[in-house]
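Rule-based calculations on the coordinates, nothing more; no lab input. Only a predicted model underlies this, so the values are computations on that prediction, with no experimental measurement involved. Here the Cβ positions follow ideal geometry from the backbone for every residue, glycine too, while neighbour counts run over all protein chains shown.
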Amino acid sequence: MKLVFEKSVPGRRAVRIAPANVPRINIRSDLLRQKPANLPELSELDVVRHFTELSRRNFGVDNNFYPLGSCTMKYNPKVAEHIASYPGFADLHPLLPQLRMGGMLTQGALRVLHEIDLLLREITGMAEFTMQPLAGAHGELTGMMIMAAYHREQGNKKTTILIPDSAHGTNPASAAIAGYSVVSIPSNENGVMDIEAVRQHLNDEVAGLMLTCPNTLGLFNPHVKDICDLIHSVDGLTYYDGANLNAIVGKARPGDFGFDIVHLNLHKTFATPHGGGGPGAGPVGVKKKLVPFLPVSVVIKRNDGTYALQYDRPKSIGYIAPFYGNFGVVLKAYVYILMLGKEGLCRVAENAVLNANYVKERLKGHYKLAFDRLCKHECVFTISERMAQNGIHAVDIAKALIDKGFHPPTVYFPTIVKDAMMIEPTETESKETLDSFIDAMIEIAEQAENEPEKLKTAPTTAVVCRPNETIAAKNLNIAYL
Ligand SMILES: *Cc1c(COP(=O)(O)O)cnc(C)c1O
């Protein structure tokens, strides 16, 4: 029998595949199933209800406010999603030839990869990008491998990476996986990496620095350029963790601060809904002297205007991911950047910073600010002394917010602030939404000071109640008591 598979999705080109020549596979009889598999027999309606019910328990930016600091949980315009689902992009197979198959099927995709590289260069001040890394952490590892490859070529015997104590945990992890030992640099009384501490730890062993700026407290380090200069003075390289680019996009460029390697989290700054582990993209950009070490392949534009994949990079660290990275995520970022343009991107940063400072100023009489100064895109609070005396912790505030329909902020991070509550409103929220969140936070603060026992059992109105954390960690089946 000749099998014909036809896709009849409206608006899509029908694809006919007639695998007439596929040989029969003879499977050994001892490997064949003896009786029918015991599959659950459910109607379509039962299945639809089950998954719809599960999806309703989910919380996302599309439901309500999501002030999860360090994550940039902004609203991602649906138009980017729509364009990424065009069959001409979504149905491309990574093994399609570059120039054949019914006329240049892959040329458009290669052009996107090339043009977003140019856009990211302009945004960051770097010389060239790779789109391969699949997340920020993966970009960090790529960057550390590039750093190691550079030092190997220079004949440098360097062993350590300097990282501030406020860093995201992936920074020291990436440095360690790349073979380096990590020296943690304390933050100063202003909440930023202390330049004197950097000076004290500076020696020929220092291979480089990893820095997030503004950092995970939402604070910009005014000495960032001097710190980069110091690292360069011992022939070290500087790595910019771009997770917080939302705060400065269009306004300032890490390349101009003096960074040699940069990763961006396209899923944070540039229009990919995320959470729950992906998909993401962590493109890495480098300064000119590090370009030869970038992963292969690289998309180039030929003189005749066509695009091609280039593999001829003998110093490359090799493949860091299959094919070209998460192409769909890269494509969404490309759409988003072109849609917003230069002015739009500047307004992203302006409004992200304005919103964070608004929340900070309105909440600062009710919670204790970790560092009371102008913040960038996020601000970090801790509990008041009275709350602490009442036995209230950040977790209680977070759980109480769930009862009020808000996603809690990031809690207990950065670890240098006890009972940290890290709020990142992002630029996409209206003043009305921010006000209702702030009002909820104020109500909870009053309860935490006056009726603390009520908070300790929250959430009480949500689909689930508060798990017994100890049992939850030990036995997943009886977590909810
Ligand atoms: C999110 C984040 C990372 C890691 O990025 P992923 O894309 O989640 O792997 C690294 N550093 C900082 C500061 C972050 O906020």
At R0 = 56 Å, FRET efficiency that the Cβ-Cβ distance of Ser85 and Thr461 yields, to 0.05: 0.95
Residue-count net charge about Asn468 - beta-carbon cut-off 14 Å; Lys, Arg +1, Asp, Glu -1: +3
Overall form of the chain per C-alpha gyration tensor (a/c, 1.5; a/b vs b/c): oblate
Cβ-placed point charges (K, R +1; D, E -1), dipole of the chain about Cα centre in debye, nearest 20: 1960 debye
Leu476-Arg302 FRET efficiency (beta carbon distance; Förster radius 45 Å; 0.05 resolution): 0.25
Label point distance in nm, Arg362-Glu451, each placed 7 Å from Cα along Cα→Cβ: 2.3 nm
Local electrostatic count at Leu266 - Lys and Arg +1, Asp and Glu -1, tallied over other residues with Cβ under 15 Å: -1
Inter-centroid distance (Cα atoms) of region 148-185 relative to region 240-310, Å: 20 Å
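Expressed in nm to one decimal, what extension gain is obtained for the pair His50 and Leu338 from 0.36 nm per residue of sequence separation less their Cα-Cα distance?
Fully extending the segment from His50 to Leu338 adds 99.8 nm.
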Residues with amide H under 5 Å from that of Leu369, placed H, sequence gap 5 or more: Thr382
Listed residue pairs exceeding 18 Å between alpha carbons, taken from Lys74/Lys332; Lys74/Lys268; Lys368/Lys454: Lys368/Lys454
Leading residue at positive end of dipole, the chain (Cβ point charges), from Leu45, Leu120, Ala173: Leu45
Alpha-carbon centroids, region 347-393 and region 408-456: separation in whole Å: 8 Å
Calculated from backbone phi, Karplus (6.51, -1.76, 1.60) coupling profile of region 291-307 in Hz, x at Gly/Pro: 4, x, 8, 4, x, 9, 7, 10, 8, 10, 9, 7, 4, 7, x, 8, 10
Sum of side-chain charges, Arg121 neighbourhood, beta-carbon under 12 Å (Lys, Arg +1; Asp, Glu -1): -1
Relative packing of peptides 194-201, 251-258, 414-421 - highest average C-beta neighbours within 10 Å first: 414-421, 251-258, 194-201
Karplus 3J(HN,Hα) series, Hz, for region 157-162 with 6.51 cos²θ - 1.76 cosθ + 1.60 (x for Gly, Pro): 9, 10, 10, 10, 10, 8
Region 78-340 shape via C-alpha gyration tensor axes, a/c threshold 1.5: prolate
Nearest-0.05 FRET efficiency for Ser43 and Gln154, computed from C-beta distance (R0 56 Å): 0.25
Under 5 Å, built H, 5+ apart or other chain: amide partners of Thr410: Gly69, Met422, Glu424
Phi-based couplings in Hz for region 406-423 (Karplus 6.51, -1.76, 1.60; Gly and Pro marked x): 10, 6, x, x, 5, 10, 6, 8, x, 5, 6, 10, 5, 6, 5, 10, 10, 9
Gyration tensor verdict on region 209-357 (Cα atoms; rounded if a/c is under 1.5, prolate if a/b is larger than b/c, oblate otherwise): oblate
Compactness of region 349-475, expressed as Rg and Dmax over alpha-carbon positions, Å: 14.5, 46
